[in-house]
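First the structure, in the form of structure tokens, and then the observations on it.
The values are calculated or read from the model by the stated rules, or taken from the named source; none is laboratory data. Quick caveat: nothing in here was measured; it's all calculated off a predicted structure. For neighbour counting, all protein chains shown are included, and Cβ atoms are generated from backbone atoms with ideal geometry for every residue, glycine included.
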Amino acid sequence: MAQNTPLHGAHVAAGARMVDFGGWDMPINYGSQLEEHHAVRQAAGMFDVSHMTIVDIQGGQARAFLARLLANDVGKLQVPGKALYSCMLQEDGGVIDDLIVYYLAEDWFRLVVNAATREQDLSWIRAHAGAMDVAVTEQAGLAMIAVQGPEARAAAVRLLDAEQAAAAMALKPFNALALGDWFVARTGYTGEDGFELAMPAAEANGAWAQLLDAGVRPCGLGARDTLRLEAGMNLYGQDMDRTVTPLESGLAWTVSLDQERDFIGRDALLAQKQAGLTRKLVGLILEDRGVLRHGQKVVSEAGEGVITSGTYSPTLQRAIALARVPQAMGPSCEVLIRDRQLAARAVQPPFARQGAVCDGILQA
């Protein structure tokens, strides 16, 4: 049986269409997925992301532990509240999960990892903590609401007192505040500005109702997926997994290889880089009419590839995708859709962010 978030009753009462997602009963939409998507690009929308897993790493060796665990370098985190995006890798460089790590104090870091990978992530983290001076604590009692869009921050700070609201509005992107039982991060998964708010589960329904009163539109997982794909953001389990490395998943920027830090997977990534990559992740825009979907074959002069994520883009008003293709593939290719090869063009994501199509993305 699927698990329920603290906001499950609110979703059902609002008439949301519910689906199983990673073992959780979650809203896919509340009516019009298209309108939900546009609400985030143009105003403010909110998502129940309480299914995400929050893990605190605390202790005297917290930084040293994460320096070994993560491909990106937590040494970059020197100011309390600063956040870092990273992958957690196997020894062979395969991606166990992607996550955000927040530096709250020298003996306290917070990780937010994916819902579908919760058990494997916790097992991996605890196994590698070993005898180090760290405590690994899942914060299962917290709910989380993502408020996203150009008007999102102004709406979200209504949940805070005046002093807290001022501090939250002063946050720079990819920074966070610990406010007692609440946690406010200027992060998201949509390509828009906004906050991700963690709070005690008992306070989630009140916060959700206040955001509704402030005019924030409830949005489901459907809009979250089209928004993140327009923003060129990977989805774990589709665009990367244990069978691929960050280097062939468009995530080389999240890997710190420029020092002697011995993180899990480092040797494999160095060997892959030295040998030369054979695959890469690119964005695709369909030049013909049709819909791009996960699993469709990409055909090019350099060889075949596969679409990892595909959708109709409400902002571009055409089909877009991420695809893993041969390293040598140029901008021209075709996608096999129902036994027809339709023309497509490879581009550098993101496709759209901050309410608009990215510069040059639709140019020939």
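Counting just the residues of segment 310-336 that are in contact with a helix residue (DSSP H, G or I) (Cβ under 9 Å, 6 or more places away or on another chain) and of a type in the set (S, T, N, Q), which one comes out farthest from GLY250 (Cα to Cα)?
The selected residue is THR315.
What's the total number of residues in segment 50-75 that are more than 12 Å from PHE263 (Cα to Cα) and either polar (S, T, N, Q) or without any contact (Cβ under 8 Å) to a residue 60 or more places away in the chain (or both)?
Number of matching residues: 5.
Out of curiosity, is ASP121 out of contact with any helix residue (DSSP H, G or I) (no Cβ under 6 Å at 6 or more places or on another chain), within 22 Å of GLN78 (Cα to Cα) and assigned by TED's automatic domain parsing to the domain that holds GLY220?
Spelling it out, it is not the case that ASP121 is out of contact with any helix residue (DSSP H, G or I) (no Cβ under 6 Å at 6 or more places or on another chain), within 22 Å of GLN78 (Cα to Cα) and assigned by TED's automatic domain parsing to the domain that holds GLY220.
Could you grab me the full set of residues in segment 96-124 that are surrounded by fewer than 19 Cβ atoms within 10 Å (Cβ to Cβ) and part of a strand (DSSP E or B)?
Correct list: ALA105, TRP108.
Residue-wise test of (1) at pLDDT below 95; (2) under 17 Å from PHE351 (Cα atoms); (3) touching a helix residue (DSSP H, G or I) at 6+ places or on another chain (Cβ under 8 Å).
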position: ALA252; (1), (2), (3): no, no, yes
position: ALA271; (1), (2), (3): no, no, no
position: LEU277; (1), (2), (3): no, no, yes
position: GLY283; (1), (2), (3): no, yes, no
position: LEU286; (1), (2), (3): no, yes, no
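Conditions: (1) surrounded by fewer than 19 Cβ atoms within 10 Å (Cβ to Cβ); (2) part of a strand (DSSP E or B). MET199 meets all but one. Number of the miss?
For MET199, the failing item is (1).
Residue by residue, here is whether (1) polar (S, T, N, Q); (2) closer than 27 Å to THR226 by Cα holds:
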| site | (1), (2) |
| --- | --- |
| LYS76 | no, no |
| LEU89 | no, yes |
| LEU111 | no, yes |
| THR117 | yes, yes |
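Buried (at least 16 other Cβ atoms within 10 Å of the Cβ), part of a strand (DSSP E or B) and either in the same structural domain as GLY23 (by TED's automatic domain parsing) or out of contact with any Lys or Arg (no Cβ under 9 Å at 6 or more places or on another chain) (or both), is that true of ALA176?
The answer is yes for ALA176.
State all residues of segment 238-290 that are of a type outside the set (D, E, K, R) and free of Cβ contacts under 8 Å to residues at least 24 places away in the same chain; if no residue qualifies, say none.
ALA252, TRP253, LEU257, LEU270, ALA271, GLN274, ALA275
Counting only residues that are crowded, with 22+ Cβ neighbours inside 10 Å and either among the basic types (Lys, Arg) or assigned to a strand (DSSP E or B) (or both), which one in segment 84-95 is farthest from the chain's Cα centre (by Cα)?
Once the filter is applied, the top-ranked residue is LEU89.
Give me a count of the residues in segment 307-326 that are farther than 24 Å from HIS38 by Cβ and either of a type in the set (Lys, Arg) or exposed (fewer than 14 other Cβ atoms within 10 Å of the Cβ) (or both).
1
Would you say ARG228 is surrounded by fewer than 22 Cβ atoms within 10 Å (Cβ to Cβ) and in contact with a Leu (Cβ under 8 Å, 6 or more places away or on another chain)?
yes
Which one of ARG293, ARG338, ARG345 is farther than 20 Å from ARG41 by Cα, surrounded by fewer than 20 Cβ atoms within 10 Å (Cβ to Cβ), within 20 Å of the chain's Cα centre (by Cα) and not acidic (Asp, Glu)?
Being farther than 20 Å from ARG41 by Cα, surrounded by fewer than 20 Cβ atoms within 10 Å (Cβ to Cβ), within 20 Å of the chain's Cα centre (by Cα) and not acidic (Asp, Glu) holds for just one of ARG293, ARG338, ARG345, which is ARG293.
Within segment 102-124, identify whether any single residue is among the basic types (Lys, Arg), at pLDDT 95 or above and more than 24 Å from TRP182 (Cβ to Cβ), and answer yes or no.
No, every residue in segment 102-124 fails to be among the basic types (Lys, Arg), at pLDDT 95 or above and more than 24 Å from TRP182 (Cβ to Cβ).
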